[in-house]
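What follows is one structure encoded as structure tokens, with my remarks underneath.
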């Protein structure tokens with residue numbers, strides 16, 4: 001019976017190929033759009049998650065205050081309000097797991113004939129823990145290097161590849177702004193940061209070395225900004241309160257004065273970004289679903305036409321013994337088959353376009369089995385849902401009316 | 001089976017129209033007999049379709065009782081009626097009513113599909129019937145590939161395929177030329193003689209009705225005359 005019904009559905013679909021194809025086209029476009037949008041949305045989410053994962057968890061960034069020059073406010077960190085002493089005091093807080101001061105400058109770096117401009121950071125060993133950044137080779141610098149202002153450098157993987165190519169960088173000496181530095185470690189690749197910078201295109205040297213020998217700072221103790229890692233996600237608020245109180249006290253700010261520093265919750269920013277991406281992919285999915293709905297309505301429309309056209313056939317079938325259920329199943333099956341074939345082709349198209357988008361535009365896409373399974377489930381549901389009314393209309397025809405229909 | 005195949009008791013039918021009820025049958029009673037070839041003769045233009053539709057369990061009477069093969073059709077729901085039609089009645093229509101997209105063998109086998117017969121048996125039985133009506137050669141063709149007379153023979157094969165007790169032929173020769181009509185009527189008469197199958201022929205042509213052994217004349221929604229066919233009377237006289 002089932003085979004017979006499938007054959008019958010096939011025959012009915014074959015009787016008007018163009019119409020069947022156009023009906024399927026609606027489903028193809030709908031399913032294709034859903035699969036494509038899910039792939040792009042999930043790709044974007046994955047990318048954000050990767051970025052956040054490489055950023056480090058439960059992070060704050062604390063900026064020094066800003067200067068005012070003839071009424072114009074300077075950038076955050078331009079005023080010498082944070083010191084290495086603040087860094088130490090904060091790291092002693094209970095709610096804080098680690099603190100790393102940062103001072104950055106863009107400098108020329110040379111090794112043999114290779115020559116590049118990159119970001120050089122002065123920081124402390126705590127930085128690599130706060131960022132949970134592994135080394136690909138060698139070691140990071142330690143407190144002793146900090147105290148002795150040693151000329152050692154830990155380089156990012158992009159710097160390593162650019163300067164050394166296939167050579168092993170550890171143990172070689174590079175020149176940063178003409179000062180020789182011994183490369184003691186190479187960092188594992190981390191990729192893009194939240195703001196899109198390549199984090200691997202950078203060099204880290206001991207904070208003291210950087211201040212005194214590279215940046216030539218008038219205040220070697222000053223810190224432009226620091227990364228602070230809270231002890232856990234739950235202590236984020238507590239850490240922020242404690243840091244604010246501590247810094248205000250250390251800076252001897254009167255109760256009515258504004259903070260001469262600013263604390264930003266990086267994890268919150270990351271979360272917001274993630275939320276944005278999630279909303280975006282939901283929105284894309286919703287818009288795509290509308291086309292799926294339109295495809296479903298197309299099926300319903302054609303099935304209604306088909307039922308009307310085949311009223312006489314329905315009458316004949318009823319006269320020779322078809323029960324209502326037989327007629328219902330016949331039309332329902334046809335709707336579901338149209339829907340499923342449309343879905344299969346649409347899913348293939350969606351996946352194909354997703355990979356084409358990935359190859360041509362470099363947009364990250366992720367096609368999961370779940371999203372394709374979802375598309376099929378939705379297509380079957382649409383076939384049943386939109387096929388039901390026309391099929392039921394057919395099944396409820398009175399045999400005498402159906403037979404008389406011209 | 002002692003009860004008559006068809007028992008119709010004071011059947012009334014009226015249609016609800018915009019101008020009020022419009023009666024078409026006024027108390028028709030009819031019982032089939034052993035001879036089993038009955039022509040219902042209706043004058044031109046006098047709607048024979050209500051009576052034929054009720055007899056075929058395709059429509060329900062407004063009042064009255066219709067027992068078919070011992071079953072009171074008024075008490076059956078749509079699906080039980082479908083099963084009854086499938087089991088007891090074979091339809092032969094004026095317009096043949098073969099399904100256009102199906103080959104002839106599948107057309108013949110279709111009632112067996114709804115009876116739940118397996119595929120191999122369906123095919124075997126359909127081939128038997130196609131052979132009986134002499135159309136084995138064209139089993140794989142679509143209906144539009146053969147002539148009207150051949151189509152009607154296929155329709156008769158379809159009507160017989162599930163071994164019904166009654167063949168309801170509604171103007172079976174209405175779309176055919178005289179020569180072909182005679183062939184079709186002879187085939188029906190033959191089936192009646194061979195297997196004792198009850199045949200009810202609805203027609204307005206006396207020429208066609210003479211193949212039957214009993215003639216029931218309708219006039220204005222009532223039975224006007226009910227007698228043995230002329231040929232039968234002559235034979236018994």
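Descriptive notes on the structure:
- 222 nm mean residue ellipticity, helices alone, for chain A (DSSP H n ≥ 4; -39,500 (n - 2.57); rounded to 500): -18000 deg cm²/dmol
- Computed [θ] at 222 nm, helices only, for chain B once each DSSP H run of length n ≥ 4 contributes -39500 (n - 2.57): -11000 deg cm²/dmol
- Between region B:136-187 and region A:29-79, the alpha-carbon center distance in angstrom: 79
- Within the listed set B:32, B:147, B:181, the Gaussian network model of chain B (springs between alpha-carbon atoms below 10 Å) gives the highest mean-square fluctuation for B:147.
- Kirkwood hydrodynamic radius over Cα pairs of region A:122-183, then Stokes diffusion coefficient at 10 °C and 1.306 mPa s, in µm²/s: 127
- Contour minus Cα-Cα distance for residue B:175 and residue B:63 (0.36 nm per residue): 37.0 nm
- Computed Rg/Rh of the protein assembly as shown, alpha carbon atoms with Kirkwood Rh: 1.37
- As computed over region B:14-124, the Cα convex hull volume per residue (Å³): 170
- Helix A:324-361 axis, angle to chain A major axis (alpha carbon atoms, nearest 10°): 30
- Computed over chain A with a Gaussian network model linking Cα atoms closer than 10 Å, the most mobile of A:31, A:336, A:154 is A:336.
- Additional length obtainable on full extension of the chain from residue A:231 to residue A:398, 0.36 nm per residue less Cα span: 52.6 nm
- Kirkwood Rh and Cα Rg combined as Rg/Rh, region B:55-172: 1.00
- Average Cα contact separation per residue, region A:98-229, under 8 Å, 6 or more apart, as relative contact order %: 36
- Degrees, to the nearest 10: B:104-115 long Cα axis against longest axis of chain B: 60
- Region A:158-196 and region A:343-406: distance between their alpha carbon centers, rounded to Å: 53
- Only Cα pairs under 8 Å and 6+ residues apart enter the sum, and on that basis the relative contact order of chain A stands at 29 percent.
- Coarse-grained scattering of region A:98-229 at q = 0.13, 0.20, 0.21 Å⁻¹, given as base-10 log I(q)/I(0) from a Debye sum over alpha-carbon atoms: -0.47, -1.20, -1.34
- When the Gaussian network model of chain A links Cα atoms closer than 10 Å, the mean-square fluctuations of A:125, A:180, A:113 top out at A:113.
- Remark: chain B projects, on average over all directions, an area of 13.9 nm² (convex hull of Cα atoms).
- The angle separating the long axis of helix A:369-395 from the principal Cα axis of greatest extent in chain A is about 30 degrees.
- Relative contact order [Cα under 8 Å, 6+ residues apart], chain B, whole percent: 26
Laboratory data are not the source of any read-out in this text; all were calculated from the coordinates shown. Quick caveat: nothing in here was measured; it's all calculated off a predicted structure.
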